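A short write-up of the structure that comes next.
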Amino acid sequence: MALATLFTSCNNDDTTENLAGTTGDVQLFFDNGFAGDALIPGSYYTNSNNEAVTINRLNYIVSNIVLTKADGSEYVYPKEESYFIISQESSMFTVNLENVPAGDYTQLKFGIGVDQQRYLQGETAQQSFWDLAAAHDMTWTWSTGYKFINFEGTFTAPGLDGAKTFQVHQGSNTATNNYREVTLNLPSTARVRHGDMPSIHLKTDVNVLLDGVVKIKLADNLNGAGTGAAIMGGENLINIANNSLQMFAVDHVHNGAGSHEE
């Protein structure tokens, strides 16, 4: 019994020592949807505002990722590398985090958009990500910055003659900082180990942008010609930023080697 106890103790110590100083990778998989349905470009979805929406574009920026262990200790992913684009039209659904310290993680935090600290570092400091964002229509001019969310399509509503276009371009401006941060508890532990890559599967509900805590009718935002609705500023944009905090939920966690996009 003494030998067995000694062997078990040594084995446990070895396991602990093996984790110390080792790293693994983590995958975040964003599964876009609309009020519980899969997001299929060109399909109609009706919201509680009684507007039927067809989505042609859904792109958004995920940034400043933090993973937290059960004991409350945090791993902040390197800021210079912590800006990513999720794009439905370009089939960009995954974020791959490399060299994450081995451990068991129970919580995920991330930003929606680009924070002011990063933006104020200037164009040269973030040229690579700026170019990527521009290629996916996630920028205005440099002076006006990034689009945090680019949500576009067409809609119909009672009283309107035919389908109208809509554009929701969410970002910060001189009046408001619309960057938001999301904190999500994981339903099961993400086990980061060398050679094993947990995949955190997130469900994204784009419906809540307009049909969330605050209800925003596209029909109330028609331009003067009545041809379309564009929301790119003002009180509605602040409400959309706040609604976006409810847009994400962790569905499940896959542990083990390989990619798990399901």
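Data table
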{"item": "Scope the stretch 110-127; condition at pLDDT below 95 and not aliphatic (A, V, I, L, M); matching residues", "result": "GLN116, GLN117, ARG118, TYR119, GLN121, GLY122, GLU123, THR124, GLN126, GLN127"}
{"item": "Residues of the stretch 141-166 that turn out to be over 12 Å from ALA229 (Cβ atoms), of a type outside the set (D, E, K, R) and under 20 Å from the mean Cα position of the chain (by Cα), as a count", "result": "5"}
{"item": "Single residue of THR154, THR183 found to be within 26 Å of LEU28 (Cα to Cα) and either in contact with a strand residue (DSSP E or B) (Cβ under 8 Å, 6 or more places away or on another chain) or charged (D, E, K, R) (or both)", "result": "THR183"}
{"item": "Meets criteria (exposed (fewer than 13 other Cβ atoms within 10 Å of the Cβ) and either in contact with a strand residue (DSSP E or B) (Cβ under 8 Å, 6 or more places away or on another chain) or at pLDDT below 95 (or both)) for ALA52", "result": "no"}
{"item": "Residue count, the stretch 226-254 (criterion: over 18 Å from VAL53 (Cβ atoms), outside any helix (DSSP H, G or I) and modelled with pLDDT of 95 or more)", "result": "7"}
{"item": "Single match in ILE231, ILE216 (criterion: in contact (Cβ under 8 Å) with a residue 12 or more places away in the chain, among the hydrophobic types (A, V, I, L, M, F, W, C) and either in contact with a Pro (Cβ under 9 Å, 6 or more places away or on another chain) or under 16 Å from THR156 (Cα atoms) (or both))", "result": "ILE216"}
{"item": "Among the candidates ASP37, ASP104, ASP71, residue that is of a type in the set (Asp, Glu), more than 17 Å from the chain's Cα centre (by Cα) and modelled with pLDDT under 95", "result": "ASP71"}
{"item": "Filtered residues of the stretch 95-136 (kept if part of a strand (DSSP E or B) and of a type in the set (Asp, Glu))", "result": "GLU98, ASP104"}
{"item": "Number of the exception - LEU184 against (1) at pLDDT below 95; (2) within 21 Å of the chain's Cα centre (by Cα); (3) more than 24 Å from ASN56 (Cβ to Cβ)", "result": "(1)"}
{"item": "Given (1) on the phi > 0 side of the Ramachandran plot; (2) in contact (Cβ under 8 Å) with a residue 40 or more places away in the chain; (3) surrounded by fewer than 19 Cβ atoms within 10 Å (Cβ to Cβ); (4) not hydrophobic (A, V, I, L, M, F, W, C), index of the condition GLY103 fails", "result": "(3)"}
{"item": "Verdict on VAL26 being surrounded by fewer than 17 Cβ atoms within 10 Å (Cβ to Cβ), under 22 Å from ILE200 (Cα atoms) and of a type in the set (Val, Ile, Thr)", "result": "no"}
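A quick yes/no check of all residues on (1) surrounded by 14 or more Cβ atoms within 10 Å (Cβ to Cβ); (2) touching a His at 6+ places or on another chain (Cβ under 6 Å):
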position: GLY162; (1), (2): no, no
position: ALA190; (1), (2): yes, no
position: SER199; (1), (2): yes, yes
position: LEU209; (1), (2): yes, no
position: LYS215; (1), (2): no, no
position: GLU235; (1), (2): no, no
position: PHE248; (1), (2): yes, no
position: ASP251; (1), (2): no, yes
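The values are calculated or read from the model by the stated rules, or taken from the named source; none is laboratory data. What you see is a predicted model; the values in this text were computed from it and never measured. Glycine also receives a Cβ, built like all others from the backbone with ideal geometry; neighbour counts cover every protein chain displayed.
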